[in-house]
Amino acid sequence: MSEFKWEYLFNIEVAIEALPFILEGAWYTLLIAIVSMLLALFLGLFVALARMNKLALISFPTRLFISFMRGTPLLVILFILYFGFPMVGIDMQPLTAAIIGISIHFSAYTAEVIRSAISSAAKGQWEAAETLRMTYWQTMRRIILPQGTRIALPPLSSIFMDIIKGTSLAMVITVSEMFYRAKVVVGQTYESLTLYILVALIYWAICSVVTLLQDYLEKKANRYVMT
């Protein structure tokens, strides 16, 4: 067995020199993640409501959409959008393809979380709102969604962290995000282990901030808990 070479485990000088360049890519990572999460929430809400509709003509296509997206790797979706769609005359910029692909893919997951949160509301809540002559959307906005937010926050935070980590797949369609830039530096320095550990630490730091934000939002959402 060859001797373990500690000096190649993490080269601090290379890491410090490469850090500014990689952090520039972190802005792309955050941009993709935040925009994709917002779009996934927006799409997921409507998919969830359609999924809960009693009409099979509306609920069945959304069930099919959720099943397809949850059963298909994100990388395949990105390849379809960026490399496949040009075959039918639809060209996308790498950043656009990444945001659309990640948003659509994770909207299936947010839809199931939102559906579960809405379904957790007691039937009496709906009946009380109906007694007060509130419309469906008034009931959703004033009663159901505020209560469901607290239930949905932990799984939605996990989805957001999955999106942050999933942005690394955008490098295969040439988006200059954090992991793509790390690969560029590896090609120049051959310090692969150092650069990949550095990127892992940055992802960890970002996700740690998301965890703190989750804790803060959960405390805010607790005001909707009925005691």
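Where does the chain land at 222 nm, in deg cm²/dmol rounded to the nearest 500, when only DSSP H runs of n ≥ 4 count, each adding -39500 (n - 2.57), divided by all residues? Before the final figure, lay out the partial values.
Details: 9 runs with 164 residues, N = 227.
So the helix-based figure for the chain works out to -24500 deg cm²/dmol.
How much FRET efficiency would the formula 1/(1 + (r/R0)^6) give for L31 and S67, where r is the Cβ-Cβ distance and R0 is 41 Å, rounded to 0.05? Intermediate values should be presented prior to the final figure.
Working: r = 30 Å, r/R0 = 0.72.
E(calc), rounded to 0.05, equals 0.90.
Within the chain, which whole H helices from DSSP have a Cα span along their axis of at least 18 Å and a mean Kyte-Doolittle hydropathy of 1.6 or more, if any?
Values: long enough: 12-51 (54 Å, 1.87); 56-70 (21 Å, 1.05); 94-119 (37 Å, 1.07); 145-166 (29 Å, 0.57); 192-221 (43 Å, 1.15).
Once both thresholds are applied, what remains is 12-51.
Under a GNM of the chain (C-alpha, springs under 10 Å), which listed residue has the highest mean-square fluctuation: Y109, Y196, Y180?
Between Y109, Y196, Y180, it is Y196 that shows the largest mean-square fluctuation.
With a probe of 1.4 Å, find how much accessible area the chain has per residue, and write the answer as a whole number in Å².
Per-residue accessible area for the chain comes out at 61 Å².
Within the accessible area of the chain, what % is carbon and sulfur when the probe is 1.4 Å and the other protein chains stay in place? Could the numbers behind the result be given before it?
Working: 9140 of 13780 Å².
Of the solvent-accessible surface of the chain, carbon and sulfur hold 66 percent.
Just by accessible area at a 1.4 angstrom probe, what is the order of E177, E17, E24 from largest to smallest?
Values: E177 0, E17 150, E24 100 Å².
Largest accessible area first, the residues go E17, E24, E177.
Among I66, I197, what's the order by accessible area (1.4 angstrom probe), most exposed first?
Details: I66 10, I197 55 Å².
My answer, sorted largest first, is I197, I66.
Just to be sure I understand, if you calculate Rg/Rh (Cα atoms, Kirkwood Rh) for this structure, which of (1) 1.08; (2) 1.01; (3) 1.14 do you get?
Among (1) 1.08; (2) 1.01; (3) 1.14, the one derived from this structure is (1).
Which value, in debye to the nearest 20, describes the size of the charge dipole of the stretch 1-82 about its Cα centre when Lys and Arg Cβ atoms bear +1, Asp and Glu Cβ atoms bear -1, and nothing else is charged?
On the way: 5 positive and 5 negative charges, 198 e Å.
With Lys and Arg at +1 and Asp and Glu at -1, about 960 debye.
The values are calculated or read from the model by the stated rules, or taken from the named source; none is laboratory data. In this text the structure is predicted, and so the values were computed from the model without any measurement. Glycine gets a Cβ as well: all are built from the backbone with ideal geometry, and neighbour counts include every protein chain shown. Just the protein is used for accessible areas: all its heavy atoms, side chains included, with ligands, DNA and RNA removed. Shrake-Rupley method; radii C 1.70, N 1.55, O 1.52, S 1.80 Å.
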